[in-house]
Amino acid sequence: MKRRTFLNTSIFASLGLFFGKAVFASSSNKQNVSISTSEKTLNNPVVVSTWKHGTEANKAAWKSLKLGKSALDAVELGVRVTESDVSNKSVGLGGRPDRDGNVTLDACIMNHESECGSVAFLQHIENPISVARKVMENTPHIMLVGSGALEFALENGFKKTNLLSPDTEAEWKRWKESETQKKPEINHENHDTIGMLAMDKEGNLSGACTTSGWAYKLPGRVGDSPLIGAGLFIDNEIGAACATGMGEAVIRIAGSHTVVELMRQGHSPTDACKLAVERIIKKHKNLEGLQVGFLALNKKGQSGAYSTYSGFNYAYTDQNKEELIDAAYKMEW
Ligand code: ASP
């Protein structure tokens, strides 16, 4: 598990600068001196995201955090990189389609004020995360799905795009011909959903989660990724968590919410993820192919991850380092 130092000492304080007001009595009334200062504490920003594709996404998020932007802006900008990467076959543009050859996308976003937005079964839009943010900011709702989500996106200026790349189309055709209809493998070679969690210099947490879901799924299937509490959860008092892997298993234990609640009980990010994974294992009779990974970030900026099977990793970026960290896990494949 990676740890980092959480600086309670504000940079401004160390520079001798203070926000707030200081009221000094006149020299003739020194005994009534009243000083009221409110010192602003700055935090060291940090961003973490699932899988190796998180490395590129983190770069965009970090650039934004370094400019002093909010964690919310950072996670949106970060995961957009993965959504727009046509070579990534599990998120956004170029994502693998459902059984009938249609690419359907799920995404959600949540900020430090527990505001959130989500889209599911959204077609033809390259960056569902930005549509989710618009749902959060411009509507009284939290979740829009299917044709309603598409209509909302088009009304808000998003452009229709063909999401099926020649590569994923050819793969899908081969799959259809083979009629194996097997479950897609969810492992380190088949990079999955991107979930991203960030803390900005104000110490505020936000997160984003976006995916094309389970390849060759039944039409209409929605996984954990756009579900607040399953694929993503933020509580700015405690921490943030997101999930990747088999969404059906994550939903059954309200996975990300569970991880945050375990951190509330005092568990470290890694232990909270581990306990959630163990709960999933306990609730399933058949563990074959059941890869689920959780990633968590607490209010102190400490992160951790855990998965059912080996192979899960996450990208970590702060002011001192940029690395890909192997998650702890319960079982070898
Ligand atoms: N969790 C995603 C889903 O079930 C897929 C994944 O992460 O691979 O839709």
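Key figures for this structure:
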{"item": "Derived scalar couplings ³J(HN,Hα) [the range 52-63; Karplus, 6.51 cos²θ - 1.76 cosθ + 1.60; whole Hz; x for Gly, Pro]", "result": "5, 4, x, 4, 5, 4, 4, 4, 5, 5, 5, 4"}
{"item": "The range 177-333: relative contact order as a whole-number percent, Cα under 8 Å and 6+ apart", "result": "18 percent"}
{"item": "Convex hull of Cα atoms in the range 108-267, direction-averaged projection (nm²)", "result": "10.8 nm²"}
{"item": "Student exercise, the range 218-280 dipole from Lys, Arg, Asp, Glu Cβ charges, in Debye to nearest 20", "result": "160 debye"}
{"item": "Ranked packing of 96-106, 122-132, 74-84, most packed first, by mean Cβ within 10 Å", "result": "74-84, 122-132, 96-106"}
{"item": "Selection from Leu295, Leu163, Ile251, by position along the positive dipole direction of the range 157-312 (Cβ)", "result": "Ile251"}
{"item": "Hull volume in cubic angstrom per residue (convex hull over the Cα atoms of the range 45-201)", "result": "111 Å³"}
{"item": "Added length on full extension, which subtracts the Cα-Cα distance from 0.36 nm per residue, Glu115 to Lys321", "result": "71.2 nm"}
{"item": "In Å, descending, principal axis extents of the Cα set of the range 196-277", "result": "41, 27, 15"}
{"item": "Gain in span if fully extended, Glu248 to Glu155, counting 0.36 nm per residue against the direct Cα distance", "result": "30.3 nm"}
{"item": "Three-way shape call for the range 223-333 based on the alpha-carbon gyration tensor, with the a/c threshold at 1.5", "result": "oblate"}
{"item": "Packing-based order for 317-327, 220-230, using average beta carbon neighbours within 10 Å, highest first", "result": "220-230, 317-327"}
{"item": "Largest-first ellipsoid semi-axes for the range 237-302, taking √(5λ) over the Cα gyration tensor eigenvalues, angstrom", "result": "22, 10, 9"}
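Bear in mind that the values in this text are calculations on the coordinates, not laboratory data. The structure presented is a predicted model; accordingly, all values stated were derived computationally and were not measured. In this analysis, Cβ positions are derived from the backbone assuming ideal geometry, glycine residues included, and neighbour counts consider all displayed protein chains.
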